[in-house]
Amino acid sequence: MRKATVLRDLSYWSVFLACALLPLKTTLSNSGLILLFSLSVFSLLKDGVELELLKSPKFYLNTTLLLFAPIAIGCLYAIDVDKALGEMGKNVFYFLLPIVTLRKDIEWKKMLSIGIYGLAIGCLVSMIYLHSINLYNFQSSGLPLTKLFSYKFTGLSFIEPIKDMHNVYIGVYYLILLVAIWQQYITLKDWMKFTLSTMIIITILFLNSRSVFLVSVLLLVVYGFSVLNYKKSILGLVLIGVILILTHPFYKKTYVYNKLVNGTYWELTENVDTNNTDTKQTADSRMSRWIVALDFIKERPMFVYGTDSEKDMLLSGYKNREMKISESRRYDSHNQYLSYALQYGIFGLGILMLFLISNLIRGLRHNDKILVSFILIIAVVSLTENFLNRNMGVNFVVLFSTLLFNLDQREC
């Protein structure tokens, strides 16, 4: 009994560690995932497997096993097998972490709550760190207040102090925490909820990511009407604050507004070697890169080119279209759906859609708002990012798909 308790408690701590490190140094969160997997192996050997769950279609449709399938199969017909195997290794958590759901000794609501607390601490530390450095840099610059939302202090410049972090990914971490706060998955006093929520909203403005802005608006629409009737509604206060900021004349003069409006229009138009919001450097729009990807998909729509073939194919397409900037910067498609279709064909794209739709249906059926939010976040961000291809996305998806899956798994 004592050994079982130790295994369980250590598992809780491993989840806490993995979630807390996500917004700080995502590669370090691997240590928490590795520890969780190792402890789960011991637990399954000791206590056995939830056989009913193992027999359930939900285990295969709603866990990241589904996402690993096209990656593994794509290795069989990949252009470069060695590179493909390396890519499969990078995504191995998609295959390994679902075994955690088969354990008998875990209290899943407690596990999720501990993970959210860990994420809250990691997000809070990262926000304080980023804003402190940003304000110091702004103060040192001697620029007027109107330049606070300029290129130098928002977007990638804002997130730069956290090495190897990307504003879209950390924005996703903040958003899932915001939903957890709204839906009371963690216990905090009202003033703490309001303070943390306000910090997240302000930080999202400085992240200056169009996809994160879009998800934020969707989440506000989804949850806004359900909670605005409450006098102490955190969301209501935050929503009012966001509306005031976005409609203020000062905001319309900022780089954030310019990127959101003019930059979005430019990205969704076929532009090659032209100026976007940066008037000093030219670039190729996302639409231009999407067209290159679509041309390759049309040539071989079924199994296409295999695991880790995306960049090689796109680089040849960029060269043919004389997209020198995209070629020199080795851009991927910046669209997860096109990425899966390009590497794994219609089969792979179907697998990705099956994962998203099956989890969305399960979330709606169980009125699980955090699961619905989780899927909406992935689905929307994947429109403009290869979200599932990087360690920052892999760790987020395997952690929360595992934790959220287990909330209703005993009902299988």
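The values are calculated or read from the model by the stated rules, or taken from the named source; none is laboratory data. Just so we're clear, the structure is a prediction, and the values are computed from it rather than from any experiment. Please note: Cβ atoms are built from the backbone with ideal geometry, for glycine as well, and neighbour counts cover all protein chains shown. Ligands, DNA and RNA are stripped out before the accessible areas are found, and what is left, the full protein with its side chains, is counted by its heavy atoms. Shrake-Rupley method; radii C 1.70, N 1.55, O 1.52, S 1.80 Å.
Screening the candidates Gly236, Gly263 for the property of being modelled with pLDDT under 90, open to solvent by less than 90 Å² (accessible area, probe 1.4 Å) and touching a Leu at 6+ places or on another chain (Cβ under 6 Å) yields one hit, Gly236. With respect to the conditions (1) without any contact (Cβ under 8 Å) to a residue 60 or more places away in the chain; (2) under 23 Å from the mean Cα position of the chain (by Cα), Ile133 lacks only one, and its number is (2). Among the residues of segment 131-161 satisfying the criterion of being closer than 15 Å to Leu205 by Cβ and part of a loop (DSSP other than H, G, I, E, B), which is least open to solvent (accessible area, probe 1.4 Å)? Filtering first and then ranking leaves Thr154.
Here Gly118 fulfils each of the conditions (1) crowded, with 19+ Cβ neighbours inside 10 Å; (2) within 29 Å of Thr264 (Cβ to Cβ) apart from (2).
Residues considered: Ile186, Ile204. Of these, the only one that is in contact (Cβ under 8 Å) with a residue 24 or more places away in the chain, touching a Phe, Trp or Tyr at 6+ places or on another chain (Cβ under 9 Å) and part of a loop (DSSP other than H, G, I, E, B) is Ile186. The residue that is farthest from Ser150 (Cα to Cα), counting only those in segment 272-294 that are free of Cβ contacts under 8 Å to residues at least 24 places away in the same chain and more than 27 Å from the chain's Cα centre (by Cα), is Thr274.
Scanning segment 336-379 for residues being of a type in the set (Lys, Arg) and in contact with a helix residue (DSSP H, G or I) (Cβ under 9 Å, 6 or more places away or on another chain) gives a total of 2. Of the residues making up segment 324-357, those that are among the charged types (D, E, K, R) and touching a residue at least 12 places away in the same chain (Cβ under 8 Å) are Lys324, Glu327, Arg330, Asp332.
Checking each residue in segment 332-380 for being open to solvent by 10 Å² or more (accessible area, probe 1.4 Å), under 26 Å from Met88 (Cα atoms) and outside any helix (DSSP H, G or I) picks out Asp332, His334, Asn335.
Screening the candidates Val292, Val272, Val304 for the property of being at pLDDT 80 or above and part of a loop (DSSP other than H, G, I, E, B) yields one hit, Val272. When you look at Asp164, is it acidic (Asp, Glu) and over 19 Å from the mean Cα position of the chain (by Cα), yes or no? Answer is no for this residue. Quick check: is even one residue across segment 300-319 open to solvent by 50 Å² or more (accessible area, probe 1.4 Å) and under 30 Å from Leu145 (Cβ atoms)? Within segment 300-319, none of the residues are open to solvent by 50 Å² or more (accessible area, probe 1.4 Å) and under 30 Å from Leu145 (Cβ atoms). The residue list Val215, Val222 contains one member that is over 16 Å from the mean Cα position of the chain (by Cα) and at pLDDT below 95, which is Val222. Taking the criterion of being assigned to a helix (DSSP H, G or I) and of a type outside the set (A, V, I, L, M), the residues of segment 166-183 that qualify are Asn167, Tyr169, Gly171, Tyr173, Tyr174, Trp182.
Elements of the type helices (runs of 4 or more DSSP H) sitting completely within segment 12-130 and holding at least 3 residues that are under 21 Å from the mean Cα position of the chain (by Cα) and modelled with pLDDT of 90 or more: these cover 29-47, 65-74, 81-90, 93-96. Candidates are the residues of segment 60-95 that are surrounded by 21 or more Cβ atoms within 10 Å (Cβ to Cβ) and in contact with a Pro (Cβ under 8 Å, 6 or more places away or on another chain); the one that is nearest to Asn406 (Cα to Cα) is Thr63. Selection of segment 27-42 for residues being more than 14 Å from Thr402 (Cβ to Cβ) and either open to solvent by less than 10 Å² (accessible area, probe 1.4 Å) or of a type in the set (Gly, Ala, Ser) (or both) yields Ser31, Ser38. Annotation note: Cβ proximity below 6 Å between a residue of segment 256-267 that is in a helix (DSSP H, G or I) and a residue that is hydrophobic (A, V, I, L, M, F, W, C) (sequence gap 6+ or interchain) occurs for Val256/Phe149.
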